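Undergrad: Sending over a structure as structure tokens; questions will come in a sec.
Just so it is clear, none of the values below were taken in a lab; they were calculated from the coordinates. Bear in mind that the values here come from a model prediction, so they are computed numbers and not experimental data. Positions of Cβ are backbone-derived with ideal geometry, glycine not excepted, and every protein chain shown enters the neighbour counts.
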Amino acid sequence: MYELYGAGLVKFLVIADAFPPMRTSAAVIMNELVCELDKQGHEVTVLIPSPLSKASCEAKDYEHFKLILALTPKTNDVGYIRRTVAEFIAPYIIYYRLRSASIANENFDGIIWYSPSIFFGPLISRLKKRYGCPAYLVLRDMFPDWAVDLGLMKKRLPYYFFKFVEFYQYTVADHIGIQAPGNFKYFNNGILERFRSKVDVLWNWITPGDPNIPCSINLKKTQLAGRIIFAYAGNMGVAQDFDLIMNLVELYKDNREIGFIFVGRGSEVPRLKLFAEKHALSNIVFFDEIDSVEIPALYAQCSIGLVALDPRHKSNNIPGKFLSYIESGLPVLARLNPGNDLTQLISENQVGESYVGFDACDLKVAADALILSLKYDKEISFRCKSLAHSLFSTKTAAIQIVDALNCRV
């Protein structure tokens, strides 16, 4: 048990737009953080927007936390304009809903919130004033700039609207946790430089899963049985850029010892399946999204984890799937954007191979080298697990956040 300031529990309000039963990486890591805070002796209330809530403000008590669901407009599977409007008004709706919630008369010692979404700033500002407490922003991507980098948005009026919203959330935050050292440069230039003193590196985190929980996917019952398996589990969208990975799959088309599995959902899934069908790729199998508790048992059937990031990204991103691979002992084949801290991290710790470029044949050279390492490097799995436990511990992340909020002696 950890020592806390003053007498009694330290109470935290955690705010995010993703939480179980959602299966996104954000939902998983925020649940892990909440459970760790509880384990360390804190009292945690989680507040999330929910279009599916049965009441304007619904409270549920769980073993490790209290959950507050605030009824808000739908933001998923809707058009961009409707989503933007819904996300913009959600903080104001949530604050109005909270007036009748069970936490209306409670006090909190600190607020922890996750971005994306970038729209929580007005809500956090009001809650800080109500509770008289500091707030910690867990910042995991730099929107809208990454959308500009990928050609999804131009620097026109919508961009500057989103920049204003982004700027405001930094103004509200007392502490900002970025996910890699390379992202410091984002706060070293222009108008954002004023927030540099608030910023520190908060590595992504992972809590070890239970490999004894069975997985609904059994690769022994597929055409890939007995092969060396490259696995990708997670979102398959425009931010990943799978074209080069699919070209790699095609280069291994006639190799009966190598197979690929893609597990998850995303806007690119139909296109990727069409590519596999068009090129008669029998060495790849697609599976729907599975529960995160099944992931360790899935990876126990695999050999190498795949990371795919669009090379046009200019910010640093340490994907949650990278953590889940190495925590399960899987070395990583990573296609990365130039300057990504992950390149050095993989190289220095010898936990896989990384590639920056556009040539599938060069990526295959890296893949072949990693396959060879599996045969002769008996320590690679141990190094992967060691890195996960030493640098990406949920316990360490929770302590860092609590210390930043000055809620620990």
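Undergrad: Take the residue pairs 185/314; 54/129; 163/185; 198/321; 253/273; 11/128 and return only those whose Cα atoms are more than 20 Å apart. Can you show the working numbers first?
TA: On the way: 185/314 10 Å; 54/129 29 Å; 163/185 17 Å; 198/321 27 Å; 253/273 15 Å; 11/128 14 Å.
Flagged as over cut-off: 54/129; 198/321.
Undergrad: Multiply the residue separation of residue 350 and residue 201 by 0.36 nm, subtract the distance between their alpha-carbon atoms, and state the gained length in nm to one decimal. Can you show the working numbers first?
TA: Values: separation 149, 0.36 × 149 = 53.64 nm, distance 2.22 nm.
Gain on extension, residue 350 to residue 201, equals 51.4 nm.
Undergrad: Shifting gears a bit: With unit charges on the beta carbon (Lys/Arg positive, Asp/Glu negative), name the residue among 204, 255, 272 whose Cα is farthest towards the positive pole of the charge dipole of region 198-311.
TA: After comparing all options, I get 255.
Undergrad: Could you give the size of the charge dipole of region 198-336 about its Cα centre, using +1 on the Cβ of each K and R and -1 on the Cβ of each D and E, expressed in debye and rounded to the nearest 20? Kindly include the intermediate steps, with their values, before the conclusion.
TA: On the way: 14 positive and 15 negative charges, 53 e Å.
My answer is approximately 260 debye.
Undergrad: Could I ask something else about it? Could you pull out every whole DSSP H run in the chain that spans at least 18 Å of Cα extent along its own axis and averages -1.0 or higher on the Kyte-Doolittle scale?
TA: Numbers: long enough: 25-39 (21 Å, 0.65); 80-98 (27 Å, 0.42); 157-172 (23 Å, 0.31); 360-376 (24 Å, 0.98).
Result, helices passing both filters: 25-39, 80-98, 157-172, 360-376.
Undergrad: Cα centroids of region 76-90 and region 38-53: how far apart, whole angstrom?
TA: Between the Cα centre of region 76-90 and that of region 38-53, the gap is 23 Å.
Undergrad: What list of ³J(HN,Hα) couplings, whole Hz, do you get for region 66-73 from phi and the Karplus terms 6.51, -1.76, 1.60, once you set θ to phi - 60° and write x for glycine and proline?
TA: Whole-Hz 3J(HN,Hα) from phi for region 66-73: 9, 10, 10, 9, 9, 5, 9, x.
Undergrad: Further question: With +1 on each Lys and Arg Cβ and -1 on each Asp and Glu Cβ, how big is the dipole of the chain about its Cα centre, in debye rounded to the nearest 20?
TA: Values: 44 positive and 43 negative charges, 210 e Å.
Once rounded to the nearest 20, the dipole reads 1020 debye.
Undergrad: Also, quick follow-up: Calculate how many DSSP beta bridges within the chain are antiparallel, expressed in % of all such bridges and rounded to the nearest 5. Before the final figure, lay out the partial values.
TA: Working: 6 of 53 bridges.
Given both bridge residues lie in the chain, the antiparallel proportion sits at roughly 10 percent.
Undergrad: Decide, for region 193-248, between rounded, prolate and oblate: order the square roots of the alpha carbon gyration tensor eigenvalues as a ≥ b ≥ c, take rounded if a/c falls under 1.5, and otherwise choose prolate if a/b is larger than b/c, else oblate. Mind dumping the intermediate values first?
TA: Details: a/c = 3.97, a/b = 1.71, b/c = 2.32.
It comes out oblate by the Cα gyration axes.
Undergrad: Consider all pairwise Cα distances in region 298-409 and report the whole-number % of them above 22 Å.
TA: Details: 2292 of 6216 pairs.
When all Cα pairs of region 298-409 are counted, 37 percent exceed 22 Å.
Undergrad: How much of the DSSP bridge set in region 1-126 is antiparallel, in percent, rounded to the nearest 5? Please report the intermediate quantities before stating the final value.
TA: Details: 5 of 20 bridges.
Counting only bridges with both partners in region 1-126, antiparallel ones make up about 25 percent.
Undergrad: Restricting everything to alpha-carbon atoms, can you work out Rg to Rh for region 1-95 with a Kirkwood hydrodynamic radius? Don't jump to the answer; show the numbers that get you there.
TA: Numbers: Rg = 15.0 Å, Rh = 14.5 Å.
That ratio is 1.04, to two decimals.
Undergrad: Looking at the chain, what % of the alpha carbon pairs are farther apart than 33 Å?
TA: Working: 28637 of 83436 pairs.
Of all Cα-Cα distances in the chain, 34 percent exceed 33 Å.
Undergrad: For q values of 0.18, 0.22, 0.31 Å⁻¹, compute log₁₀ I(q)/I(0) with the Debye formula on a Cα-only model of region 173-215, without solvent.
TA: Result of the Debye calculation: -0.57, -0.72, -1.10.
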